[in-house]
1. Give the residues of region B:828-848 that are within 46 Å of the chain's Cα centre (by Cα) and not in a loop (DSSP other than H, G, I, E, B), sorted by residue number.
2. From B:ASP804, B:ASP800, B:ASP741, grab the single residue that is farther than 30 Å from B:PRO885 by Cα, among the acidic types (Asp, Glu) and buried (at least 16 other Cβ atoms within 10 Å of the Cβ).
3. Would a scan of region A:60-72 turn up a residue that is modelled with pLDDT of 95 or more, away from the ligand (no atom under 16 Å from the Cβ) and within 11 Å of chain B (Cβ to nearest Cβ)?
4. Which ones in region A:1-24 are open to solvent by less than 60 Å² (accessible area, probe 1.4 Å) and either in a strand (DSSP E or B) or within 12 Å of the ligand (Cβ to nearest atom) (or both)?
5. Hey, does region B:772-792 have a residue that's open to solvent by less than 20 Å² (accessible area, probe 1.4 Å) and at the interface with chain A (Cβ under 9 Å from one of its Cβ atoms)?
6. Go through (1) within 30 Å of B:PRO474 (Cα to Cα); (2) more than 7 Å from chain B (Cβ to nearest Cβ); (3) open to solvent by less than 30 Å² (accessible area, probe 1.4 Å) and name the single condition A:ARG51 misses.
7. Consider region B:947-972. How many of its residues are touching a strand residue (DSSP E or B) at 6+ places or on another chain (Cβ under 6 Å), of a type outside the set (Ser, Thr, Tyr) and buried (at least 21 other Cβ atoms within 10 Å of the Cβ)?
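The values are calculated or read from the model by the stated rules, or taken from the named source; none is laboratory data. The structure displayed is predicted, hence computed values, not measured ones. Cβ coordinates were reconstructed from backbone atoms using ideal geometry, including for glycine residues, and neighbour counts include every protein chain displayed. Accessible surface is based on the protein model in full, side chains and every heavy atom, while ligands, DNA and RNA are left aside. Shrake-Rupley method; radii C 1.70, N 1.55, O 1.52, S 1.80 Å.
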Amino acid sequence: MRIACPFCGERELGEFTYLGDAAPKRPSAFAADGAEQPDAQDLFFDYVYLRDNIAGDMDERWYHGGGCRSWLTVTRNTTTHEIKAVGAAPGAGAQKPAKAGATS
Amino acid sequence: MSGTRTGRISGDAAPLAFNDNPAADARQPRSVPAGTQSHRLSSGGQIDRKQPLGFTFDGKKMVGFAGDTLASALVANGVKLVGRSFKYHRPRGILTAGAEEPNALVELRSGARREPNTRATTAELYDGLAAQSQNRWPSLRHDVMAVNSLFSPIFVAGFYYKTFMWPAKLWEKLYEPAIRRAAGLGKASGEADPDHYEKAWAHCDVLVVGSGPAGLAAALAAGRAGARVILAEEDNRLGGRLLSENGEIDGKPLAEWLAGAQREIAALANIRVMTRTAVFGVYDGGTYGALERVNDHIAVPPAHQPRQRLWRIVARRAVVAAGAIERPLVFPGNDRPGVMMASAVRSYINRFAAMPGRRVALFTNNDDGWRTAEAVQRAGGTVAAVIDSRGVVPEGCRGLNLRLLGGVVSEVNGGVDGVRSIVVRDAGGRTQQIEADCLAMSGGWNPNVALSSFHRGRPVWRDDIAAFAPGQCPPGMVMVGAAGGDFSLAACLREGHAAGVDAAKDSGAKGKAGAAAQGEDEGFAIKPLWHVEGGKAFVDFQHDVTASDVKLAQREGFESVEHLKRYTTLGMATDQGKLSNVNGLALMAEATGRNIADTGTTIYRPPYAPVAIGALAGHHRDENFHAWRLTPSHHWAAARGAMFVDTGLWKRAQWYPIAGEKDWLESVTREVLAVRNGVGFCDVSTLGKVDVRGPDAGTFLDRLYINTFSSLAVGKARYGLMLREDGLVYDDGTTSRLAEDHYFLTTTTAKAGPAMQHLEYCRQVLWPELDVQLTSVTDQWAQFSIAGPNTRDLLKNLCDPAEDLSNEGFPFMGVREVSLRGGMRARLYRISFSGEMAFEIGVPARYGEAMAENLMRAGAEFGVTPYGTEALGVMRIEKGHVAGPELSGTTTADDLGLGKMMSKKKDYIGRAMAGREALVAPDRQVVVGIKPVNKANRLRSGAHVIPRGAAPGPDTDQGYLTSVCYSPMLGHWIALALVERGRERHGEIVRAYDPLRGEDMEVEITSPVFYDPEGGRQRG
Ligand SMILES: [Zn+2]
């Protein structure tokens, strides 16, 4: 498999590490008003453990550890391994911080 | 492939004489002894008669020519018997002339270079080649295991499973070794391979697999257009079936056209030709695996050259012109030596000028087989008869003077010396015997669809060719010519050219591809004949699977093709069913009353051809099995005779033995005492080091660690603990604040890589809004821990006298940059892992060795002692500091006694999940110390903690010893352990139970801090 890193170009699979589904968003242990989130444990349980088993296109996190050390969002078909798109994580390669709550 | 069928005989059609009397032939080199090569033709073929090559087969000396394979040389020498079959030890001869050969497997070379299961049909002959037959004892002609054949009624499909079912535990020890002795292939040498193998990458626009007419046409078209082309050919020369057939392309004889094509390819710099290179697999993203047999054709590779090279070829497009494989017919006696594929007979005659027989009979169910009759006649041989199950002469063959018999071959008579006669049975059941010393058979052609099917592409059955053609190919691949199911020469040239043009266009090449070459558009007609009843008819020659085995499998309910394969082992030998699969499927279809398309094929998986493990390993063996990392003081330590230990990729000094010490324990004890009573130093550069910078660096670290770093004063260090998001401990280390927006973070040695990845994930994905940057500086700093009561004295000798190293000027957990004597700058950290008065000093990595020498000089007057990871470990256990064995991925911060560090005021990774019920349960196993009740006893890590008087078992297991050492300060063995409710049980006597070593002793649960519990020494 080959992944076209937006910073390094097309590289071989061995340079990358797979993390998994890019969809889950990390919840916060605190609510917006600063109080502890009462259902934090449930929210985090979902975030840490529950995953959809997608057959088809899936946005995934990959790490280019053998290259530029960027985290990437790779759209891959899980049944054919076809890679449809590769994007950088919001904080990857950035000179300036992304705005709060940025997602990709 | 069979691209060159023709009714005409081109070129010099004069019959060739047998080489019965070589001395009479003036062209015969004198060095060839008379009487050898009895079946060599006196002219023709693509061998060099001026280059005789001596070789041995089972010790017998023979001679062949340059250009021969081992198989063609054996044919030329009249050898019929080359091996014994796997299960029944039946005599077997050469069946094919290619990579699909199931019978002629030999052991090549000798000693450490011995190579079992080498196909004689692809082994190029070299001078001095030594080959041995396999699976026979004491000799090929007299094989005692041939008695297996007498018991063949019981050696049927599934025999092993049924007979050796119970008791199952005997399988490994008794049944399997016995079966392997009786039914086996060649033996590996058992010695280390003296040759080396390498790996390489190649990139191209168009990969062309195969160099027959279709492959050559594709390579020429794409090459002329300007695409970067790789042309991979498994054989040692280009041409594919063009080398074995007669016919014309563009009005020229095949050999002449081929020579011209090769000249043109050689002149095109954008075509890279890779001969002896088999493409064996297709992987995602247009990556192809290929094996180049760089030096398999000579006895010993030249110095510094690999035997084989494993290629990964990245191709934008691939044109696969892998040809087709001729299919055997399944009839009684079809495995006798002297029965040969019809196309192989043509190869031996036309390419190698070797005559498989003097009187050849031909058994076919299709037009293509008839061409073998022509070839035999042209070479001066006799065609005893053509047995065509269809009973008609094909149109193109009407002019030939051949004896046609409609019907089937129902019996083959002969033995170890080959075929003597065959019995032909007609539709009415009448039989007649025909004298012949060779029987050529053709059951049709199977397109070589393997490469199209590795991505779960399912081949599609075609009735017109009675074979499977490629289905959906992997992205970027197209199959052309015979591989695509189109067998005529014209189709091969046309499709190859078109595919080459298309692939070149796709890669942006704009040149002119020229016109496609023209060849004859001969037809191909076949009427399937799947099985002739009457006796043992082989489907899988290599695994001795017969037609009746397939029927038995069906009767016993193994009707799915995947079950058929596993129950009968059909297609599971080293040839992977190249010859047998379709016949097996057809028989199963017949037995179950389905058609072949509905019966389907088994899944194809790479590699297409055997690949030696050595080639896959490449240079990654022995000391190069993985990369090593050396610490900055490695060579200095090695020069002092340090013993090294592998820690991940690192080689770390484990201890430094000195003359007279009898074992490691004595050395380690000396090192610990030297540190605790004086001063010592240890290279700790392997710890992961990360530079964290930016205005939000403090906030970033607060979210990573359970404790707070934003409040850390500049010039101070703090111990930190990270959790995983699931609430369990991830890693620990000290982090220093060097400036308001600059931290220096350390990780454990083991987690240096993963932690960096984790940090980057947090920064780039979780909190991109934070203004912080991370740089891994593990390799940039040489760092030494200097420990012991004389540390400050040593440092005074090392540092600029102006540096204040007093307790006030440089307090515990202080950090700052200092000047060394001579003016060099270094970072100094007052942190301690040993519990002693200690500093860590960091200098640029290139000064690591010089720093080790300077530390020795600066500490000489105090008896400074370098110490290794063992002494480091002893001192941390004495102090109750947790490390790898306690940070096991199952422990919480509180289990480690660090629960109080968990901040309540902020969110951090793992905070929410760390509060889960089971992670805060009161009966968790927590870190304690362990002392033996009998102080003479040695503790063992891994020993289970169980209550006194309890029977050992899962119910009574309360934990285990994680880290164990001999404590020089206490004078006996001590341990850290994880023990249920351990903190409440200090003083309790339990047992350390170690069934692995048969030990069971009483031990006392204690505080994990054995030495200097008040911590006065490190603060002094
Ligand atoms: Zn990259």
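1. Narrowing region B:828-848 to residues within 46 Å of the chain's Cα centre (by Cα): B:832-834, B:840-848.
Within region B:828-848, B:GLU840, B:ILE841, B:GLY842, B:VAL843, B:PRO844, B:ALA845, B:ARG846, B:TYR847, B:GLY848 meet the criteria.
2. Numbers: B:ASP804 fails: buried (at least 16 other Cβ atoms within 10 Å of the Cβ); B:ASP800 fails: buried (at least 16 other Cβ atoms within 10 Å of the Cβ).
Only one candidate passes the filter, namely B:ASP741.
3. No.
4. Pass one, region A:1-24, residues open to solvent by less than 60 Å² (accessible area, probe 1.4 Å): A:1-5, A:8-9, A:12, A:15-17, A:20-22, A:24.
Answer for region A:1-24, where residues must be open to solvent by less than 60 Å² (accessible area, probe 1.4 Å) and either in a strand (DSSP E or B) or within 12 Å of the ligand (Cβ to nearest atom) (or both): A:ARG2, A:ILE3, A:ALA4, A:CYS5, A:CYS8, A:GLY9, A:GLU12, A:GLU15, A:PHE16, A:THR17, A:GLY20, A:ASP21.
5. Yes, some residue in region B:772-792 is open to solvent by less than 20 Å² (accessible area, probe 1.4 Å) and at the interface with chain A (Cβ under 9 Å from one of its Cβ atoms).
6. (3)
7. 4
Residues checked against (1) open to solvent by less than 40 Å² (accessible area, probe 1.4 Å); (2) under 30 Å from B:LEU216 (Cβ atoms):
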residue: B:ALA385; (1), (2): yes, no
residue: B:MET441; (1), (2): yes, yes
residue: B:VAL480; (1), (2): yes, yes
residue: B:GLY485; (1), (2): yes, yes
residue: B:ARG494; (1), (2): no, yes
